[in-house]
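Notes to accompany the following structure.
The values are calculated or read from the model by the stated rules, or taken from the named source; none is laboratory data. Everything numeric here is computed off the predicted structure, so don't read it as measured data. Ideal geometry is used to build each Cβ from the backbone, glycine not excepted, and the neighbour counts take in all protein chains shown. Calculation scope for accessible area: heavy atoms of the full protein, side chains included, ligands and nucleic acids excluded. Shrake-Rupley method; radii C 1.70, N 1.55, O 1.52, S 1.80 Å.
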Protein chains: 2
Amino acid sequence: MTVSQSTGAAERRTHTEQGIERKQQLLDAAATLFSTKGYANTRIADICAAAGVAKGLVYWYFPTKEELFAELVRSMRLQLRRAQAAAMDPESDPLTRIRQGTEASVVFMAEHRAYFALLDVERAHDAGPELDAVLREGSDVYANDVIRLVRDAQSQGLVPDGDPRLYAVGVLGVVSSFSHALRNGSLDVDVEELAGFVGDWVVRALSGAVTGGQARPRRTR
Amino acid sequence: MTVSQSTGAAERRTHTEQGIERKQQLLDAAATLFSTKGYANTRIADICAAAGVAKGLVYWYFPTKEELFAELVRSMRLQLRRAQAAAMDPESDPLTRIRQGTEASVVFMAEHRAYFALLDVERAHDAGPELDAVLREGSDVYANDVIRLVRDAQSQGLVPDGDPRLYAVGVLGVVSSFSHALRNGSLDVDVEELAGFVGDWVVRALSGAVTGGQARPRRTR
DNA sequence: CACCCTCTTGACCGCCGGGTCAAGGCGCCG
DNA sequence: CGGCGCCTTGACCCGGCGGTCAAGAGGGTG
């Protein structure tokens, strides 16, 4: 493996305006292909064809196919985390915050299906052991977020006692399951409706109450 | 692609006792490797090394790497389905049956971690489009099982109205999430305990009641 | 013994795909 | 104008891996 030079492959010099744009084109093309055909089945040549550039160019912007993939995943996570943070009202109780984060995640994933499907690829560790590290590292962030919220909720009596880690697995799992189903299965439901359903589901599963957490004001676009 | 000869690749003649055994050895070795390193990263040579045989032998028992994988998945599904069926008491109400099936699934997957991890691989469609068909086909079976049970439960007022397909996605998703977590995350909980937790979770999520479905008699081994 | 059928081996092949590289266009600065 | 750094190209290289094959080893049967 090609060693991570000193600081960890943060070399590449300055990019011009155009360069940044081109790089983004490549990332977009790669995202679509990866999520459609999977990482292993996507050829560098495919990405180039989709972006309409020559093969060598990829290696101007990325040191390797793996690194390209990793960069995609990182940017994904950043976006998702922002969306969640924006959706959670700091004034609300923990259970409501979980619901908000859950619903925001569902909506976000629906709006970025192509990107988000990468998390499936992440699931299977078909991408090689080194990537595995980068990938798993990030999942923990979400888990810890949820664990913290569950603890708070438990201390307020909103959620019954029990290992918060287990609850967290349940919450995260159900979100990713519905995301997956919406993409691959033929769930042709309205996104807002689905988000509401998942939010309810999570709250029920956590609290055992049908009405836990404040119901969310349906967005009318 | 190599066409499925007439009936669908059901050629291979008679296997001797020894032959069947050898074939199973290969399947076992493959299962371990696939679930450890992923489909794409597992070399035929690896499988042979693990099984202690020469490379050519694989092609005596299987026409292709893909077919080997497909056979693994099929056998997995058969086993799981049997375990579920055995666990569900036909006398019980639908909600209880769902709980039983859920708990049995968790236990089963814990006892067959290596095998079961294949479903992760299944999740990501890194295995090529032809396989995708074989794979997806089978998931529907489970979904339909659950959908049927949810419908029954709804008609008895045990589960609130709502699209049964959505409920099914939730149930299946949560099981696979916990399975995944138990394998990859460091959830060092007792399997029986986990099964109970997941059973409770599903019942709560479905019914909104803390006590829905009969609690399961804890098995004391 | 002759024959056949299941099994096993390991050298070999051919292709596919990630990664390299020499060459060149283009715009900017001195 | 000359040189320099960013960007782009496409031919090329080469290692790895799925799959093939000719050659046998047992062992069972007539």
Counting sequence-distant residues (5 or more places) and residues on other chains, those with an amide H built under 5 Å from that of A:V159 are A:Q154
Partner shielding of A:82-92, taken as the mean number of other chain Cβ atoms within 10 Å, equals 0
Per residue of B:30-39, other chain Cβ atoms within 10 Å number on average 2
Over all pairs of different Cα atoms in segment B:17-62, the reciprocal of the mean inverse distance gives a Kirkwood radius in Å of 10.5
Lys and Arg at +1, Asp and Glu at -1: add these up for the other residues within a Cβ distance under 14 Å of A:A50 and post the number.
+2
Of the heavy-atom accessible surface of segment A:67-207 (probe 1.4 angstrom), what whole percent is carbon and sulfur?
52
Per-residue HN-Hα couplings for segment A:53-63 [Karplus 6.51, -1.76, 1.60; θ = phi - 60°; Hz; x = Gly/Pro]:
10, 7, 4, x, 4, 3, 7, 7, 9, 9, x
In segment A:19-92, GluC sites (Glu not before Pro) in a DSSP loop with at most 12 other beta-carbon atoms within 10 Å
A:E91
Evaluate the distance, in nm, between pseudo-label points positioned 7 Å from the Cα of A:T64 and of B:V191 along their respective Cα→Cβ axes.
3.7
Too long for a 25 Å Cα-Cα cut-off, among A:K23/B:K65; A:K37/B:K55; A:K37/B:K23; A:K23/A:K55, are A:K23/B:K65; A:K37/B:K55; A:K37/B:K23
Compute the signed sum of charges (Lys and Arg +1, Asp and Glu -1) over the other residues within less than 14 Å, Cβ to Cβ, of B:V159.
+2
Mean projected area (nm²) from the convex hull of Cα positions in segment B:66-207 is 8.4
Pull out the extension gain between B:R113 and B:A85, defined as 0.36 nm times the separation in residues minus the alpha carbon to alpha carbon distance; nm, one decimal.
8.1 nm
Point-to-point label distance, B:L78-B:E137, nm (Cα→Cβ direction, 7 Å offset)
1.5
